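Remarks on the structure that follows.
The values are calculated or read from the model by the stated rules, or taken from the named source; none is laboratory data. What you see is a predicted model; the values in this text were computed from it and never measured. Quick reminder, even Gly has a Cβ in these numbers, built from the backbone with ideal geometry, and neighbours come from all protein chains shown.
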């Protein structure tokens, strides 16, 4: 039977500190579930200013930092969930998203919400797959 493993990282790993009682990631078999990342700077723990595009870029850097702990990148994402506090930002966010996620694109859900932790305009979580390595 596959065991569930949870992981908590630190700013020394390039990952912002948690804003609540949760793990940064959970691995189950070849799947890695990454907790929703906030647009906070790992060095300061502060919210990045500058609107949804600047915040989306920081969120993606934070996701990459967590994925790196498993030898993965955003290209290994299977499912992405995006939470926006203003759906008016949907179009501009999509343009920024395309710079981070190349093809083939993962499945994605985008949800409009009334608020996010730390006053963020965006949060993204994802599920990544650990590719099988051909050892031949």
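In summary, residue 10 fulfils each of the numbered conditions (1) more than 18 Å from residue 120 (Cα to Cα); (2) surrounded by fewer than 16 Cβ atoms within 10 Å (Cβ to Cβ); (3) modelled with pLDDT of 95 or more with the single exception of condition (3). Checked against the criterion of being under 17 Å from residue 57 (Cβ atoms), without any contact (Cβ under 8 Å) to a residue 40 or more places away in the chain and in contact with a helix residue (DSSP H, G or I) (Cβ under 9 Å, 6 or more places away or on another chain), region 75-84 has at least one qualifying residue. Among the residues of region 20-44, those that are more than 13 Å from the chain's Cα centre (by Cα), surrounded by 14 or more Cβ atoms within 10 Å (Cβ to Cβ) and over 21 Å from residue 128 (Cα atoms) comprise 41, 42.
Among the residues of region 46-67, are any in a loop (DSSP other than H, G, I, E, B), in contact (Cβ under 8 Å) with a residue 12 or more places away in the chain and either surrounded by fewer than 18 Cβ atoms within 10 Å (Cβ to Cβ) or touching a helix residue (DSSP H, G or I) at 6+ places or on another chain (Cβ under 9 Å) (or both)? Working first, answer last.
So in region 46-67, the residues in a loop (DSSP other than H, G, I, E, B) come out as 46, 48-50.
From what is left, the residues that are in contact (Cβ under 8 Å) with a residue 12 or more places away in the chain are none.
No, region 46-67 has no match at all.
Within region 1-32, the set of residues being without any contact (Cβ under 8 Å) to a residue 40 or more places away in the chain and in a strand (DSSP E or B) comprises 4, 5, 6, 26, 28.
Considering region 86-110, the residues that are more than 14 Å from residue 122 (Cβ to Cβ) and surrounded by 13 or more Cβ atoms within 10 Å (Cβ to Cβ) include one that is modelled with the highest pLDDT, namely 106.
For region 111-120, taking the residues that are touching a strand residue (DSSP E or B) at 6+ places or on another chain (Cβ under 7 Å) and loosely packed, with under 12 Cβ neighbours inside 10 Å, the one that is farthest from residue 59 (Cα to Cα) is identified as 111.
Do we have any residue at all in region 126-133 that's part of a helix (DSSP H, G or I) and touching a residue at least 12 places away in the same chain (Cβ under 8 Å)?
Our first condition is that a residue be part of a helix (DSSP H, G or I); within region 126-133, this holds for none.
So far as region 126-133 goes, no, none of its residues is part of a helix (DSSP H, G or I) and touching a residue at least 12 places away in the same chain (Cβ under 8 Å).
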